[in-house]
Amino acid sequence: MSHKPRSILREYVEAALWALVLTLFLRAFVIQAFRIPSESMRDTLLVGDFLFVNKFEYGPKIPFTHIRLPGLRPPRRGDVIVFQFPQDPSKDFIKRCIATGGQTVEVHNKQVSVDGKSLTEPYTIHTDPTVRPAGYDYRDNFGPQTVGPGELFMMGDNRDNSNDSRYWGTLDMDLVKGRAMFLYWSWDGEHNWPRWNRIFHVIH
């Protein structure tokens, strides 16, 4: 009888340890939660949105290394991707992939083109109707620039208010964490109320 409580305690401890190991494994190789901190992806993603990131699709990185395991497919144009900010890898950013290695990007008076073809982007918004001339900054007129191998050109859907590849350059695949999948929660901080219509919303 004296050994039974001890064995039950051991079972609880082992179960908790296995749960912890499974959670860490899933977070490192399969799925990770992410919160939207800024308005750079309006109206696709809003401040206060909480989403899951698929780390398995592009191939997860082995923690604390630069080794990426084989994935299901590489990133492609239109994917919404979470990545480490190149200028400060301790911060995570989320943007949309506009072009991949070998493709040429150009922005002319806010219109984005890839390989000479204008993109149709119904997910974007423009909050400033003015067009900044080439040479003033890169917001409305950029390039042309050819994306290098193993790199991505990223832009926010809120085109007039996004710190993206127009300013800091292309994104190395080594910094990619995964593709945004769906929202599991959304909180409207202005009204202190959940956005019920956005919960379980699939990200496109």
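The values are calculated or read from the model by the stated rules, or taken from the named source; none is laboratory data. Every value quoted in this text rests on a predicted model; they were computed, and no experiment measured them. As a convention, Cβ positions derive from the backbone with ideal geometry for all residues, glycine included, and neighbour counts pool all protein chains shown.
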task: Name the one entry in 131, 105 that is surrounded by 13 or more Cβ atoms within 10 Å (Cβ to Cβ), within 30 Å of residue 60 (Cβ to Cβ), modelled with pLDDT of 95 or more and β-branched (Val, Ile, Thr).
output: 105
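Matching residues to (1) modelled with pLDDT under 90; (2) more than 19 Å from residue 182 (Cβ to Cβ); (3) among the acidic types (Asp, Glu):
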| position | (1), (2), (3) |
| --- | --- |
| 14 | yes, yes, yes |
| 18 | yes, yes, no |
| 23 | yes, yes, no |
| 43 | no, no, yes |
| 62 | yes, yes, no |
| 67 | no, yes, no |
| 72 | no, no, no |
| 75 | no, no, no |
| 78 | no, no, no |
Of residues in the range 115-154 being within 19 Å of residue 44 (Cβ to Cβ) and part of a strand (DSSP E or B), the one nearest to the chain's Cα centre (by Cα): 154
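Here is a yes/no grid of residues against (1) over 30 Å from residue 68 (Cα atoms); (2) modelled with pLDDT of 95 or more; (3) among the basic types (Lys, Arg):
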| residue | (1), (2), (3) |
| --- | --- |
| 148 | no, yes, no |
| 154 | no, yes, no |
| 157 | no, yes, no |
| 174 | no, yes, no |
| 180 | no, yes, no |
| 192 | yes, no, no |
| 200 | no, no, no |
field: Boolean, residue 95 is in contact (Cβ under 8 Å) with a residue 60 or more places away in the chain and assigned to a strand (DSSP E or B)
entry: yes
query: Out of all the residues in the range 150-165, which are more than 19 Å from residue 34 (Cα to Cα), small (Gly, Ala, Ser) and surrounded by 15 or more Cβ atoms within 10 Å (Cβ to Cβ)?
result: 165
- prompt: Taking the range 155-204 only, how many residues are in a strand (DSSP E or B) and either acidic (Asp, Glu) or closer than 22 Å to residue 97 by Cβ (or both)?
  reply: 14
task: Only residues that are touching a Lys or Arg at 6+ places or on another chain (Cβ under 7 Å) and crowded, with 19+ Cβ neighbours inside 10 Å: list them for the range 61-84, please.
output: 61, 79, 80, 81, 82, 83
- request: Could you list, in sequence order, all residues of the range 130-149 that are polar (S, T, N, Q) and over 17 Å from residue 102 (Cα atoms)?
  value: 130, 141
message: Taking the criterion of being buried (at least 18 other Cβ atoms within 10 Å of the Cβ) and hydroxyl-bearing (Ser, Thr, Tyr), would at least one residue in the range 34-41 satisfy it?
response: yes
message: I'm trying to understand the selection: among the residues of the range 166-204, which are loosely packed, with under 14 Cβ neighbours inside 10 Å and on the phi > 0 side of the Ramachandran plot?
response: 192, 200
